[in-house]
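Right, one structure below, let's go through it.
The values are calculated or read from the model by the stated rules, or taken from the named source; none is laboratory data. Everything numeric in this text was worked out from a predicted model, so none of it was measured. Here the Cβ positions follow ideal geometry from the backbone for every residue, glycine too, while neighbour counts run over all protein chains shown.
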Amino acid sequence: MSARKAPAARISYAEAVKQWKHAATGGDAMKIKAEEKFKQYWMEKFRGGEPAPHDTVPIESYQILVRELVIGVLSGSSGLQLKLSQSKDGDEIFCRVRAPLQVLERQADQRLQGPRRRQGRRGRRRGRRGRRRGEAGPH
C-alpha cells in the first residue's frame, strides 16, 4: 500500500486579507488602499478573476505573495535598497535593508525643517513648566 500524503495547508482569501489589513499601518483609508493592492496582487499572482472569500491557496503560495508585497512596499517609494539571500539549508530567506546616504540625508533635512516652521508660527517654544526658555521661574 502506498502512503497518503497529508493535504497541504491552505489559506482562504478572506483570512489572507484579514491578516494583510491587520499588518497595514494607518487609518481606515490606508487599510482600504492596502486591501485593494492585496486584491490586485492576488489576482495577478493566482491568475484568477475576482477572488471570493472562500477561495483558497496553499500556505506556501500565500507566503511568497506576502513576501513579494512587503519587498515591493519597502523598495517602492522609500528609496531603500534590499538584498535577498537564502539560508544554507534553503529553508529561510533573509532580506537585508540598506538606506543609502542620500536617502538618510533627505529624511534628516525634512525632519529638521518641520519643527522650525511650527516654531516660527507659535513663537518661542515653552519648556516643561510652561515658561519660555530663558525665563526665570518663581523662586
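Selection of first residues in segment 35-46 that are in the same structural domain as ALA16 (by TED's automatic domain parsing) and of second residues that are of a type in the set (Lys, Arg), restricted to Cβ pairs under 9 Å at least 6 apart or on distinct chains, gives the following pairs, ordered by first then second residue: GLU35/LYS21; PHE38/LYS21. State all residues of segment 71-92 that are more than 14 Å from the chain's Cα centre (by Cα) and surrounded by fewer than 13 Cβ atoms within 10 Å (Cβ to Cβ); if no residue qualifies, say none. Answer for segment 71-92, where residues must be more than 14 Å from the chain's Cα centre (by Cα) and surrounded by fewer than 13 Cβ atoms within 10 Å (Cβ to Cβ): LYS83, LEU84, SER85, GLN86, SER87, LYS88, ASP89, GLY90, ASP91, GLU92. The condition (being in a helix (DSSP H, G or I), in contact with a Lys or Arg (Cβ under 9 Å, 6 or more places away or on another chain) and not acidic (Asp, Glu)) is satisfied by just one residue among VAL17, VAL97, VAL57, VAL70: VAL17. Right, TYR62: within 20 Å of PHE94 (Cα to Cα), part of a helix (DSSP H, G or I) and either touching a Pro at 6+ places or on another chain (Cβ under 9 Å) or among the aromatic types (Phe, Trp, Tyr) (or both) or not? Here the answer is yes, as TYR62 does meet what is asked. Listed by first and then second residue, the pairs linking a residue in segment 12-30 that is free of Cβ contacts under 8 Å to residues at least 40 places away in the same chain to a residue that is aliphatic (A, V, I, L, M) and part of a loop (DSSP other than H, G, I, E, B), with Cβ atoms under 7 Å apart and 6 or more places separating them unless they lie on different chains, are MET30/ALA24. Looking at segment 23-36, can you tell me whether even one residue there is surrounded by 12 or more Cβ atoms within 10 Å (Cβ to Cβ) and closer than 26 Å to PRO7 by Cα? Among the residues of segment 23-36, not one is surrounded by 12 or more Cβ atoms within 10 Å (Cβ to Cβ) and closer than 26 Å to PRO7 by Cα, which makes the answer no.
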